Amino acid sequence: MSTESALLSAGRFGPYGGRYVPETLVAPLDELAAAYATARRDPAFQAEFQSLLKNYAGRPTPLTLAGRLSEELGGARIYLKREDLLHTGAHKINNCLGQGLLARRMGKRRIIAETGAGQHGVATATVCALFGFDCVVYMGEADMARQALNVARMRLLGAEVRPVASGSRTLKDAINEAMRDWVANCETTHYLLGSVLGAHPYPRMVRDFHAEIGEEARRQYLEVRGRLPEMLIACVGGGSNAIGLFTAFLGDGEVKLVGVEAGGRGAALGEHAARFQGGSPGVLQGTFTYVLQDAWGQIAGTHSVSAGLDYPSIGPEHAMLHDTGRAEYVSAGDAAALEACRRLARSEGIIPALESAHAVAEACVRAPTMPRDAGMIVNISGRGDKDMEILRRELQL
Amino acid sequence: MSRFASIFARARAESRCALIPYLTAGDPTAGATLAACEAMAAAGADIIELGIPFSDPLADGPVIQAASERALAQGMTLEGVLKLAAMLRQAAPALGILLFGYYNPLLRYGLEAFAAAAARAGADGVLVTDLIPEEAEAYCAALAARQLDPVFLAAPTSPDERLGRIAAASRGFIYAVSRTGVTGARRQVPEGAHTLVARLRRHTALPLALGFGISTPEQAREVAGFADGVVVGTALVERMAAAVKQNGPQAAAGAAAEFIRSLRAGIALAAPGRA
């Protein structure tokens with residue numbers, strides 16, 4: 001085995017990734033990795049996955065030219081990849097369908113998941129209803145309060161939502177609690193992790209289940225423009241929508257990849273979730289990647305107006321793309337995201353999720369600096385319905 | 001002979017298993033932790049697992065999570081734990097000291113710097129809950145350079161080939177996890193625990209300590225019938241916390257010592273069944 005494939009088999013992205021878990025979880029992770037490796041090469045699995053993406057989730061999603069916004073900004077043409085139009089309102093359903101099929105193959109009929117904004121929880125609850133699985137979703141109490149509508153949706157879909165009161169009561173703590181559940185119940189339970197995070201094989205597997213986003217976008221853009229875009233922009237919490245969009249373009253060196261982290265309300269530790277501006281390599285929740293931490297290696301608190309980006313570490317593949325320079329990572333603050341949300345709503349009639357609004361905010365900065373014949377694709381990873389309470393309060397609607 | 005090896009040899013000579021309490025350093029204060037460790041050593045504890053508190057203890061149940069939170073709120077750091085270990089070594093020269101925690105604080109400190117400091121403090125070994133042998137090359141090298149024993153976990157879910165790998169990477173002893181799940185007290189010793197210990201024996205001559213869920217002298221006695229060491233964590237942390245709540249931090253040591261005496265008495269009765 002070559003060194004490179006040895007690293008890959010251990011789930012490494014450069015130096016990042018790996019498996020930093022209690023021993024009890026190694027066997028279930030091995031079982032999952034083996035099941036996925038087989039399913040991936042199985043045409044029947046792929047056919048069923050593609051069929052569900054098309055007939056249940058609503059793929060392909062459109063690539064919409066944001067004409068008025070592009071005109072207002074006076075630079076590059078902005079195209080929106082419309083993951084917000086998928087069933088359940090965000091890209092998360094892609095991965096949930098893939099892992100749901102895999103859980104069925106493995107004979108696991110109990111599914112657990114964590115959720116931040118609630119979008120992954122809703123997508124998981126949806127897939128569990130579709131497949132007839134038992135479903136438990138862990139959610140931080142702070143997130144339950146700010147995403148109450150999604151809590152109700154999960155319950156309507158038949159899932160049990162378990163509040164997590166430990167730590168910062170957000171996504172990080174929900175993952176801890178889901179991992180504790182999995183350690184105790186791994187023989188009967190599949191942990192449907194919702195981002196390109198965690199121990200191998202999750203970061204690769206979740207990436208693969210979202211790769212359709214970029215493959216479609218690349219095809220669609222080539223059809224419309226006859227060439228590749230100059231730039232892709234996506235928000236990055238754990239980083240699944242961004243990886244989903246970027247992967248098909250990784251070999252296209254001329255296409256600039258931009259990930260947008262949550263700048264929150266300031267640059268001090270605890271006030272944001274920008275891992276590449278204040279974070280450093282460390283281990284959290286199974287993987288080696290950039291982590292926001294204090295001088296003693298304790299995980300730092302985070303803040304973002306967007307629950308889906310409010311997380312102290314980032315997918316290990318992003319850590320590699322950052323270090324190699326293939327992708328650039330910037331941040332947009334709460335205020336910029338809220339303003340971008342209003343702007344897209346008024347110029348295009350599209351209300352993005354607060355997570356995706358971070359990507360729109362960066363597009364508003366970049367587009368005017370680019371020539372008018374240039375083009376960019378911005379991933380609208382989810383729709384803003386779930387955020388209406390926050391938007392009503394923050395924008396005084 | 002390493003200190004761990006001589007501790008297990010002595011326990012075997014006395015026809016009993018080694019008694020290994022866990023507590024979180026700095027819960028409720030550094031001073032109370034030190035006093036509790038000294039009192040437990042005097043009451044018959046063989047090895048202390050000195051827990052390094054971590055913000056995200058994902059292998060721990062609610063009791064040890066809360067202990068970690070209290071310790072961090074007190075300002076406990078890895079450096080503080082190392083200082084405590086050094087003081088404990090001064091006070092109890094024969095006591096085994098195992099530093100017990102999660103990987104990130106060690107990484108942040110620097111693996112080589114950590115190993116040097118841990119050896120200087122007089123620790124005997126280290127167990128990192130979220131580190132498996134496959135990811136531990138640099139860590140094992142750093143510990144080996146300072147004659148510190150890496151102790152790894154073995155789980156009921158670990159297949160035989162992994163048990164071999166865990167045995168090959170471990171020094172001093174192996175920590176067998178009695179059941180799947182996080183730390184926390186249980187009514188009974190799980191059936192799978194016996195099987196795991198028996199499976200491990202086929203791969204190693206190292207002493208085997210069993211932990212997770214053991215909370216009473218009766219359970220400790222049962223474990224002493226088939227393992228070389230018994231780890232008691234949650235039940236101890238819970239008793240200390242209850243005593244502290246009632247009578248303040250100075251009550252922790254007395255509560256800890258009393259519990260250790262009762263466990264030690266339970267273990268002593270196990271002799272006839274031992275191989």
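Of note:
- Selection from region B:53-64 of residues that are more than 8 Å from chain A (Cβ to nearest Cβ) and farther than 22 Å from B:S178 by Cβ: B:P53
- When region A:231-267 is filtered for residues that are more than 19 Å from A:T324 (Cα to Cα) and of a type in the set (D, E, K, R), only A:R265 remains.
- Condition met for A:R346 (touching a residue at least 24 places away in the same chain (Cβ under 8 Å) and of a type in the set (K, R)): no
- Checked against the criterion of being farther than 14 Å from A:C235 by Cα, touching a Cys at 6+ places or on another chain (Cβ under 9 Å) and of a type in the set (D, E), the candidates A:E389, A:E348, A:E362, A:E339 yield just one match: A:E339.
- Check on B:A138, away from every other protein chain (no Cβ under 11 Å) and either surrounded by fewer than 22 Cβ atoms within 10 Å (Cβ to Cβ) or more than 20 Å from A:M179 (Cβ to Cβ) (or both): yes
- The residues of region A:321-344 that are in a strand (DSSP E or B), closer than 16 Å to A:F246 by Cα and open to solvent by less than 20 Å² (accessible area, probe 1.4 Å) amount to a single one, A:A327.
- Boolean, A:A262 is touching a strand residue (DSSP E or B) at 6+ places or on another chain (Cβ under 9 Å), open to solvent by less than 10 Å² (accessible area, probe 1.4 Å) and in a helix (DSSP H, G or I): no
- From B:A73, B:A41, residue being more than 14 Å from chain A (Cβ to nearest Cβ) and of a type in the set (G, A, S): B:A41
- Failed criterion for A:S356 (all others in (1) over 17 Å from A:L391 (Cβ atoms); (2) more than 14 Å from chain B (Cβ to nearest Cβ); (3) within 21 Å of the chain's Cα centre (by Cα) hold): (1)
- A:G167 being within 22 Å of A:S381 (Cβ to Cβ) and touching a helix residue (DSSP H, G or I) at 6+ places or on another chain (Cβ under 9 Å): no
- For B:G164, the test of being part of a loop (DSSP other than H, G, I, E, B), over 21 Å from B:L82 (Cα atoms) and within 14 Å of chain A (Cβ to nearest Cβ) is failed.
- A:A184 vs. criteria more than 14 Å from chain B (Cβ to nearest Cβ), open to solvent by 10 Å² or more (accessible area, probe 1.4 Å) and without any contact (Cβ under 8 Å) to a residue 24 or more places away in the chain: no
- The single condition among (1) in contact (Cβ under 8 Å) with a residue 40 or more places away in the chain; (2) farther than 18 Å from A:R366 by Cβ; (3) touching a strand residue (DSSP E or B) at 6+ places or on another chain (Cβ under 9 Å); (4) crowded, with 24+ Cβ neighbours inside 10 Å that A:A234 does not meet is (2).
- Residue ID - nearest to A:V196 (Cα to Cα), chosen from residues in region A:115-139 that are surrounded by fewer than 23 Cβ atoms within 10 Å (Cβ to Cβ) and not hydrophobic (A, V, I, L, M, F, W, C): A:D134
- Search result, residues across region B:170-181 that are open to solvent by less than 20 Å² (accessible area, probe 1.4 Å), among the β-branched types (V, I, T) and touching an Asp or Glu at 6+ places or on another chain (Cβ under 9 Å): B:V177
- Residue match in region B:108-123 (condition: touching a residue at least 12 places away in the same chain (Cβ under 8 Å), closer than 27 Å to A:D30 by Cα and not in a helix (DSSP H, G or I)): no
- Single match in A:S381, A:S347 (criterion: modelled with pLDDT of 95 or more, of a type in the set (G, A, S) and crowded, with 22+ Cβ neighbours inside 10 Å): A:S381
- Number of the condition not met by A:N379 [criteria: (1) in contact with a Cys (Cβ under 8 Å, 6 or more places away or on another chain); (2) of a type outside the set (F, W, Y); (3) not in a strand (DSSP E or B)]: (3)
- Scanning region B:29-49 for residues that are within 16 Å of B:T77 (Cβ to Cβ) and either touching a Pro at 6+ places or on another chain (Cβ under 7 Å) or surrounded by fewer than 24 Cβ atoms within 10 Å (Cβ to Cβ) (or both) returns B:T29, B:A30, B:G31, B:L34.
- Residue that is farthest from the other protein chains (Cβ to nearest Cβ), among those in region B:90-115 that are within 16 Å of B:G172 (Cα to Cα) and of a type outside the set (G, A, S): B:L95
- Here the condition is being within 21 Å of B:A41 (Cβ to Cβ), within 14 Å of chain A (Cβ to nearest Cβ), out of contact with any Gly (no Cβ under 6 Å at 6 or more places or on another chain) and not basic (K, R); of B:A67, B:A85, B:A118, it holds for B:A67 alone.
- Of all residues making up region B:182-197, the number that are open to solvent by 50 Å² or more (accessible area, probe 1.4 Å) and within 14 Å of another protein chain (Cβ to nearest Cβ): 1
- Reported count of residues in region A:66-82, each being touching a helix residue (DSSP H, G or I) at 6+ places or on another chain (Cβ under 8 Å) and either open to solvent by 40 Å² or more (accessible area, probe 1.4 Å) or β-branched (V, I, T) (or both), is 4.
- With a requirement of 1 or more residues that are of a type in the set (S, T, N, Q), the helices (runs of 4 or more DSSP H) lying completely within region A:138-203 that satisfy it span A:148-156, A:171-185.
- Hits in region A:263-307 (condition: within 12 Å of chain B (Cβ to nearest Cβ) and among the aliphatic types (A, V, I, L, M)): A:V283, A:L284, A:V291, A:L292, A:A295, A:I299, A:A300
- Residues that are of a type in the set (A, V, I, L, M, F, W, C) and within 12 Å of another protein chain (Cβ to nearest Cβ) were ranked within region A:10-22; the one that is most open to solvent (accessible area, probe 1.4 Å) is A:A10.
- Test: residue in region A:23-42 that is aliphatic (A, V, I, L, M), touching a Ser or Thr at 6+ places or on another chain (Cβ under 6 Å) and either without any contact (Cβ under 8 Å) to a residue 60 or more places away in the chain or open to solvent by 10 Å² or more (accessible area, probe 1.4 Å) (or both): yes
The values are calculated or read from the model by the stated rules, or taken from the named source; none is laboratory data. What you are looking at is a predicted structure, and each value in this text was computed from that prediction instead of being measured. When we count neighbours, we look across all protein chains shown, and the Cβ atoms used for this are built from the backbone with ideal geometry, even at glycine. Protein only, heavy atoms only, side chains kept; ligands, DNA and RNA dropped before computing areas. Shrake-Rupley method; radii C 1.70, N 1.55, O 1.52, S 1.80 Å.
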